[in-house]
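In what follows, a structure is listed as structure tokens, so that the remarks can point back to it.
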Amino acid sequence: QETDDHDPEDKAPRKRQIRSSPHVPADRAAERPQLACPFWKFNPRKHKSCFLKKLDDVSRVKQHLTRTHYRSSYCPRCFAVLEDDVAVSVHLDPVTCVPKQHDFSLMTNGQHQRINRRSNTKQSEQEKWYAVWDILFPEQSRPSSPYIDPRLSEDLSRFIDHAKLHGPAMIAAQVRSERTAWPAGSGESEKESVPTLEQVISQGLSTLIDSW
């Protein structure tokens, strides 16, 4: 009787492997997207260390914000972080510091109190995350996504966010500039030299990349 030399498991379809971007640990490549630190989304260059934080839900986002982006004792005029409330009083009397606008480096006490209130249980994790964003950066546009894809490197993640935020406006501006460059009465020979849509988009993408 003939025997089958092939292992039955050989016939099973192989699962597609997810390739991770350079500089991304292999164990992170198979993970589901994690919620991002809002401060990283706002300024990824300044808050690089937040990229690798594993934030599964908004409660962990809030814990991270308290541990990393909150100091209870600071000057309300210049936002200098001080050791304790006594140091704040000494710092303010006499007033010698130069008033500054909040630079979104840390949470204020008011923001910390609002963020740590109980979340609306009817909201999704994404909606809860955006509620936190609106408290921290009330005048800033919301990011297109609150997530970080662990399969992507930090630089690629940053560029994707940059492209989604600024790309459409840059390409639209390029299209408008090409339209106004050629009035309706242009001759046929002149129209032949008008850039194609692909060329206009290519120029817009180049502008986007240069802005990065």
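Matching residues to (1) part of a loop (DSSP other than H, G, I, E, B); (2) of a type outside the set (Phe, Trp, Tyr); (3) at pLDDT 50 or above:
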{"residue": "Ile18", "(1), (2), (3)": "yes, yes, no"}
{"residue": "Asp27", "(1), (2), (3)": "no, yes, yes"}
{"residue": "Ser59", "(1), (2), (3)": "no, yes, yes"}
{"residue": "Ser72", "(1), (2), (3)": "yes, yes, yes"}
{"residue": "Pro76", "(1), (2), (3)": "yes, yes, yes"}
{"residue": "Phe79", "(1), (2), (3)": "yes, no, yes"}
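Of the candidates Leu65, Leu55, the single residue that is in contact (Cβ under 8 Å) with a residue 60 or more places away in the chain and assigned by TED's automatic domain parsing to the domain that holds Thr121 is Leu65. Among the residues making up the stretch 85-127, those that are farther than 20 Å from Ala36 by Cα and in contact with a Lys or Arg (Cβ under 6 Å, 6 or more places away or on another chain) are Cys97, Pro99. The set of residues in the stretch 109-129 being crowded, with 17+ Cβ neighbours inside 10 Å and without any contact (Cβ under 8 Å) to a residue 60 or more places away in the chain consists of Gln111, His112, Ile115.
The set of residues from the stretch 81-107 being touching a residue at least 12 places away in the same chain (Cβ under 8 Å) and assigned to a loop (DSSP other than H, G, I, E, B) comprises Val95, Cys97, Val98, Pro99, Lys100, His102, Asp103, Phe104, Ser105, Leu106.
The values are calculated or read from the model by the stated rules, or taken from the named source; none is laboratory data. The structure presented is a predicted model; accordingly, all values stated were derived computationally and were not measured. Methodologically, a virtual Cβ is constructed for each residue, glycine included, from the backbone with ideal geometry; neighbour enumeration extends over all protein chains shown.
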